[in-house]
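Read through the structure below, which is laid out as structure tokens, and then see the notes.
Bear in mind that the values in this text are calculations on the coordinates, not laboratory data. The structure presented is a predicted model; accordingly, all values stated were derived computationally and were not measured. Quick reminder, even Gly has a Cβ in these numbers, built from the backbone with ideal geometry, and neighbours come from all protein chains shown.
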Amino acid sequence: MPPAVNHSRANDLRHTKSTALTLIDTDTADTAPMETAPDDSAPDDSAPGDTEPGDTEPGDTEPGDTEPDDSAPGTTEPDIMSDSPPPLPPLIKTGDVPAFLRHHGRGRRVVDIFSYLNKVEDSHFRWILFHYIQFEANDKSGTGGTLPTAGRPAEIVWWTSRARPSDIPNLLDGSRTFKAFTDLVLRWWGSIQPSWRVFEQGKASRDVKGSWEDLYAPRINGILNVVILAYWWVSILDNDEPEDGVREDYEFFADDVAWVLSKLLTA
């Protein structure tokens, strides 16, 4: 079923663009399989996902040792300065999707996180998802990572404490506007950047002058928290009339996240 929504301006929010361009096979009855890149390996759907402090779910297991598809067609990275939407990325290989994204939780609380992320058609978000899956598939650290929580939107705790569902939390807490929430996302993303990098609203450095160690946070408690913020943001944009500047800020944020993820591949 499409994600349930708790949103005072958009009750029963559903993704109007619900068919993933790179959708892989899932077990959900309302999801039709789409074309995927061929792959001889299958993800291990039997491993439960882990949780961050405060969660009630058990730890996850290592994803299968799968390698990215080096034969994928040439990619055109999203241009943060362009007014045009970026082209779509290559297909995501089934075998590159780690088990913890396909089978998170246990019992009746098992969630296929990748399945609902993969339903978003927005090209900016598809680049985030493409590079994120590559990042997780290429990770050989054997351990997870975390990002700083100071200044992080509180809705992340809401999401993790519920086994990371597709539901969208109430982003309008009290008198807060949606733009106030998205400004918080931008401030947090800027605050966790490496010290050598400039990121502020409307301005992002693309010169790599140091290590990406501060952002190298794979697995369930890591940079997936950034991906879900982009997912909530674009989901609201697809179903509500955005406030002034919110869509432009989303494209700026999403393109920067995709770029950073592409750099983490070689970190």
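Charges were assigned to the Cβ only: +1 to each Lys and Arg, -1 to each Asp and Glu. The resulting dipole of region 124-264 about its Cα centre is roughly 580 debye. Among 191, 123, 235, 175, the ranking by other beta carbons within 10 Å of each residue's beta carbon, starting with the fewest, stands as 175, 191, 123, 235.
Under the combined filter of DSSP loop state and at most 10 neighbouring Cβ atoms within 10 Å, region 118-220 retains these trypsin sites (Lys or Arg not before Pro): 140, 209. Extension gain for the segment residue 196 to residue 247, taken as residue separation times 0.36 nm less the Cα-Cα distance, is 15.6 nm to one decimal.
Among the lysines of region 124-264, pairs that are 8 or more positions apart or on different chains and have alpha carbons within less than 25 Å of each other number 5.
Subtracting the Cα-Cα distance of residue 143 and residue 110 from 0.36 nm times their residue separation leaves 9.7 nm of extension gain.
Note on residue 203 and residue 157: the model spin-label points, each 7 Å out from Cα along the C-beta direction, lie 3.3 nm apart.
Taking a straight line from the alpha carbon of residue 93, these lysines sit under 17 Å away, with near neighbours fewer than eight places off in the same chain left out: 119. Exposure proxy for 205, 115: other Cβ atoms within 10 Å of each Cβ, ordered fewest to most, give 205, 115.
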